[in-house]
Amino acid sequence: MIKIAIGGDHSSLALKTSIINHLKQKGVVSADLGTYTEESTDYPIYAKKVSDAVLSGEANFGILVCGTGVGMSIAANKIKGIRCALCGDTYSAKMTRLHNDANVLALGARVLGEDVALEIADAFLENSFCGEPRHINRLNMVKELENA
Ligand code: RB5
């Protein structure tokens with residue numbers, strides 16, 4: 001069974017809850033790693049928690065939400081092994097799974113309407129890495145950048 005680790009800051013509480021409920025309806029289990037209130041907090045905390053859950057194998061994928069999704073994507077992509085894609089459309093969400101094997105999706109709660117955000121999450125979770133040699137090669141090149 002697919003399991004998602006999800007986290008967000010104070011700006012994205014409502015969207016995080018919507019995503020969790022949406023996933024539940026689809027039979028996808030999610031672990032809500034916070035934040036749990038609207039009190040101002042710092043997005044890197046949740047980027048780290050969600051990324052750690054993905055890297056440990058506790059979750060198959062991560063979803064991170066903040067106001068723009070930008071802070072979350074910047075923070076998560078600092079963590080070795082994380083390929084976090086900030087997506088504002090379903091095509092990018094699909095392609096980042098197919099070609100980049102992204103393991104974390106970032107969404108902007110102040111940028112996207114709820115329905116669009118849910119469709120983007122679906123597109124991300126319903127697609128898989130294509131496994132084509134040229135994309136494997138490119139991902140290996142990205143790994144080299146991580147180790148440089
Ligand atoms: C919080 O106000 C906001 O800066 C944060 O949610 C996010 O958009 C940062 O990238």
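Please treat every number below as a calculation from the coordinates, not as lab data. Owing to the predicted nature of the structure, the values given are computational and were not obtained by experimental measurement. Cβ atoms come from the backbone with ideal geometry, glycine included; neighbour counts cover every protein chain shown.
Values as computed for the structure displayed
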| quantity | calculated |
| --- | --- |
| Some residue of the range 45-54 being farther than 18 Å from ALA102 by Cα and surrounded by fewer than 16 Cβ atoms within 10 Å (Cβ to Cβ) | yes |
| Flag for ALA47 being within 19 Å of LEU86 (Cα to Cα), more than 16 Å from the ligand (Cβ to nearest atom) and under 13 Å from the mean Cα position of the chain (by Cα) | no |
| Complete set of residues in the range 50-71 that are without any contact (Cβ under 8 Å) to a residue 40 or more places away in the chain and more than 14 Å from the chain's Cα centre (by Cα) | SER56, GLY57 |
| Number of the exception - HIS135 against (1) exposed (fewer than 15 other Cβ atoms within 10 Å of the Cβ); (2) of a type outside the set (Val, Ile, Thr); (3) over 23 Å from LEU33 (Cβ atoms) | (1) |
| Qualifying position, being without any contact (Cβ under 8 Å) to a residue 24 or more places away in the chain and of a type in the set (Lys, Arg), among LYS3, LYS24 | LYS24 |
| Breaking point among (1) within 13 Å of the chain's Cα centre (by Cα); (2) surrounded by fewer than 23 Cβ atoms within 10 Å (Cβ to Cβ), for CYS87 | (2) |
